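Below: one structure, written as C-alpha cells.
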Amino acid sequence: MAGNWLLPAETTTSGRPVLRPGEVESSLQPSVDLLNEENPNLPPLKSGLLVLTTHRLLWLPNPESTTSPAASAAAAVPLAAVVQILHSKKSIKGMFASPRVRFQVSITPEYKVQEKGSKFTTITLVFRGKSDPDSFVGKFWEAWRGRAWEGAVSGSDSGPGRVELGDGGGSSSSDTGLALKMPVVGLSGILRKEQEMWESTDKSLQDAFQDLNALMNKAKEMVALAEKMRQKLLSGSTSQANAANDEEMGSKEEMQDWLLSVGIVSPVTKESAGALYHQELSRQLADFVKIPLERAGGIMNLIDIYCLFNRARGTELISPDDLLRACSLWEKFNVPVMLKKFESGVMVIQNKSHSDEEVFSRIKSLVQKPDALKTGISATDAARTLGIAPAMAKEHLLAAESKGFLCRDVSPDGFRFYINIFHDIDPNDAYLVKEYGIYDAWIRAAIASR
Amino acid sequence: MRRRPGIGGLQTAAAARDQYRLLGENVAKLRTDLMKEQLSTFRSQLEDFARKHKNDIKKNPAFRSQFHEMCAKVGVDPLASNKGFWAELLGIGDFYYELGVQIVDICLATRPINGGLINLEELCKMLSQRRKGAREAVSEDDCLRAISKLKVLGSGFEVITVGKRKLVRSVPTELKKDHNEILELSQAQGFVTVEEVERRLSWSTGRATDALETLLDEGLAMIDDGHRDGKRRYWFPCVSSVSSFVASETL
C-alpha cells in the first residue's frame, strides 16, 4: 500500500481535504511528488496536490490522472512531526531540474511518521508544476513555527469553559451560585473580585487592541472572550426579561443572526491556491451548498448562494464572476449539484436529483393518470403535484413538450398538456392499437368517460 | 417538631434575605452594564480593525479565521470597506461587492415576512443600520449600483417600480411560491381581487399586485374590470373552467 508510512487524510466527496477544528489552509501547490530518497522501497506519491495547513502537510492524489487505485489515498504529515526544514542548496544542476524542498520528520522504528518518533527520515517534495517553491517554503516555515497544533491539543480552544480571563468561573455561575458563595467569601470579597475581574478584562481588551500584532498574539484569548460575552448576553437577557430594554433585545437578535453566518473556517483564496483558485473554489462551493440546498428543497437562486457563500467566507469575498466560473467547473468534477439557466435568464443551483430527466419522468407519470389522460394537465396542476412554482412548472412542461413527451391543447381555459400518443400510432395503419401501449390506455380512458 | 422562632427572628431573617437579594440584583445589574460597555468597546475596536487592517488580516489565514470568529461572536459585520475615491468614480473595489452581499443578506432575512419583495427605502435603512460602524452613509444610488453588480448571476434579482415606489425583488418567478397561494385562494370563487389577497394572506399591496401581475403576464390569469363594484377581478381559468362560473353567476 502506497503512502501507509504517512498518516491517512480524509477528503470530502468533491475532493477537498477535511480539516480539523481550528485548522486553516495556507498554501496549495499543484503536481507535487512526495518521496523518500533514503528508503526507495517506500512507493513515491506522484504528481498530486500538496496542501499546507496550519496543522498538517497534506498530499492529495490528482483525480484526473487515474493511476493504480492503491495510490489514490490521500496522505498527511502532521507538522508536529517535522523536525527540521532543510535549506535547499542552490546549484547549477538545480536550475534545470524541478525544484525540490527537503525536510526531516520523526518516525517510529516501524517506519511510520509520528510525533516524537525515535528515528528521523528525510522527505523530499518535488515541484513539477509552474509553482513558486520559495514562497511555499516561506509559508511552510511560518506554519511550522506557528505551532498552531499545540493550542488545539492543550484543550478546546473555543470552549467557553477554558477561559482564563481573570474570572475563574465565578462569572459563569448564575445569581444563585453567587448567593451560595456569599457566606464563604464575604460580600466585600465578592465585590472586590468582581471589580478585579472587570479591570482585568478591560486591560486585556486594551492590550489586545493596541495594534494588529498585539491582536494577533492575543487572538485566541479574544475569541474566547467574545464567546463568553455572547453566551452571557444570550443567557442574561432571557433570565432577566424585565431588564432587557429594546437596545439589548436588538443586539441579542443581531448576535443570533450572525451566528448563522460563520461557516468556512478556511476559505480558498487566490493567495493560498494560486493557479488552482477556481478549481478549489469550485470544490469548496460544492461541499458548501449541500446543506442550504437541502433546506431550500433542492433548488436555490444563484444569488442567494452568492450571499450565503460569501457570508461563510467572512471578509474573503469572491466576485460574482468568480462564483459563476466556480459553478461552471462543476461539470468536470463528480459533484451532486449543478447549475441551471432558465430561458428567462434566471440561474439556479439544484441537486442532480432535480435534473430534467427526473422531472420529465415525474411529469410523464402525472399525465398518464386516468384523469389526465382525459382532460390533460395545466401548469397549475403540475405545480401542485411537483411542489414547485407555476412559472417553473410551465417551463418544465414546455421543455417536456419540446422533447416530444407531451402535446398541447390551447383553449379559452388556457394551455393544457396531454401525453403524446403519436409515437404509438403506426403511420401505415392508424387504426392499429398496440395492446398495453399509451394509445390503448388513452382509448380506454376516453371510453370510460362517456 | 422544631420550636418556631419568634416573630422578631423571622423578621430579621427576612430582612437579611431581602438585603442580600437587593445586593445580588445590584451586582448583577452592574455586571450586565459593565459587560455591555466592554462589549461595545470590543465591537467598535473590531470594526476599526476590520477597516484599517483589512489587507493585513487577509494575508494571514490563521489569524483571519480567528478574526472572523470574533466578529461573528460579538455581532460585528466584518464587511466595512469605505467607499473610497475609486469606488465612487468607477465602481471598482470591494465596496460594492460588500454592499451586494449585505443587501442579499437582508433580503434573505426578511423574506419570511415580505415574500422576497422589499421597499428600496426600507432596504437602505436596514443596510445603514448594519453598517453603523462605517462612517459614510449608504445612499439608494449605492444600493442600485451594488444590485447591478449582481446581474452576472442571472436575472433573479431586480428592481421594479410599483406606482411611485421602487421595490427590490429577490425571488425569481421560477422559485416563487406566492403564486401557488393565490391559485389556492382563487379556487373558492374562480377569481380574486387585490384587496382580497391582501386581506386573506395578510400581504402588502406591492406583494399582492406584483404576484397578480406576474400571473397575468404568464397567461394564467385573466382580468375583468367590468364588475359593478369597480374592483378588478383576476380570473383563473386554469383552476376550474370559466364556463361553470359564468353559468352560476347568471343564475
Checking A:Met338 against (1) facing chain B (nearest Cβ under 8 Å); (2) in contact with a Ser or Thr (Cβ under 8 Å, 6 or more places away or on another chain), the condition it does not meet: (1)
Of all residues in the stretch A:13-50 being modelled with pLDDT of 80 or more and not in a strand (DSSP E or B), the one that is nearest to A:Arg128 (Cα to Cα): A:Asn36
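Which one of B:Lys36, B:Lys29, B:Lys58, B:Lys54 is in contact (Cβ under 8 Å) with a residue 24 or more places away in the chain and at the interface with chain A (Cβ under 10 Å from one of its Cβ atoms)?
On the way: B:Lys36 fails: in contact (Cβ under 8 Å) with a residue 24 or more places away in the chain; B:Lys29 fails: in contact (Cβ under 8 Å) with a residue 24 or more places away in the chain; B:Lys58 fails: in contact (Cβ under 8 Å) with a residue 24 or more places away in the chain.
Going through B:Lys36, B:Lys29, B:Lys58, B:Lys54 in turn, just one is in contact (Cβ under 8 Å) with a residue 24 or more places away in the chain and at the interface with chain A (Cβ under 10 Å from one of its Cβ atoms): B:Lys54.
Do any helices (runs of 4 or more DSSP H) lying entirely in the stretch A:361-450 carry at least 2 residues that are surrounded by 13 or more Cβ atoms within 10 Å (Cβ to Cβ) and within 14 Å of another protein chain (Cβ to nearest Cβ), and which ones are they? Talk me through it step by step, then tell me what you get.
Working: elements: A:370-375, A:379-386, A:390-402, A:438-449.
By residue number, A:370-375, A:379-386, A:390-402.
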Qualifying residues in the stretch A:327-360 (those that are assigned to a helix (DSSP H, G or I) and aliphatic (A, V, I, L, M)) - the one surrounded by the most Cβ atoms within 10 Å (Cβ to Cβ): A:Val359
Qualifying residue in the stretch A:141-155 (condition: under 30 Å from B:Ala72 (Cβ atoms), open to solvent by 40 Å² or more (accessible area, probe 1.4 Å), polar (S, T, N, Q) and modelled with pLDDT under 80): yes
Which listed residue is more than 7 Å from chain B (Cβ to nearest Cβ) and modelled with pLDDT of 75 or more, from A:Asp246, A:Asp211: A:Asp211
Candidate set from the stretch A:187-204 (those that are facing chain B (nearest Cβ under 7 Å) and surrounded by 18 or more Cβ atoms within 10 Å (Cβ to Cβ)); member that is modelled with the highest pLDDT: A:Thr201
Failed criterion for A:Arg283 (all others in (1) farther than 29 Å from B:Val76 by Cβ; (2) surrounded by fewer than 21 Cβ atoms within 10 Å (Cβ to Cβ) hold): (2)
Tally, over the stretch A:43-52, of residues that are crowded, with 18+ Cβ neighbours inside 10 Å, farther than 23 Å from B:Lys59 by Cβ and touching a residue at least 40 places away in the same chain (Cβ under 8 Å): 2
Number of the exception - B:Tyr96 against (1) at pLDDT 75 or above; (2) at the interface with chain A (Cβ under 8 Å from one of its Cβ atoms): (2)
Single unsatisfied condition, A:Asn351 versus (1) closer than 20 Å to B:Ser170 by Cβ; (2) touching a strand residue (DSSP E or B) at 6+ places or on another chain (Cβ under 7 Å); (3) touching a residue at least 12 places away in the same chain (Cβ under 8 Å): (1)
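The values are calculated or read from the model by the stated rules, or taken from the named source; none is laboratory data. Keep in mind that this is a model prediction, so the values were computed, not measured. Counting neighbours? That spans all protein chains shown, and the Cβs are built from the backbone with ideal geometry, glycine included. The area values use the complete protein model at the heavy-atom level, side chains included, leaving out ligands, DNA and RNA. Shrake-Rupley method; radii C 1.70, N 1.55, O 1.52, S 1.80 Å.
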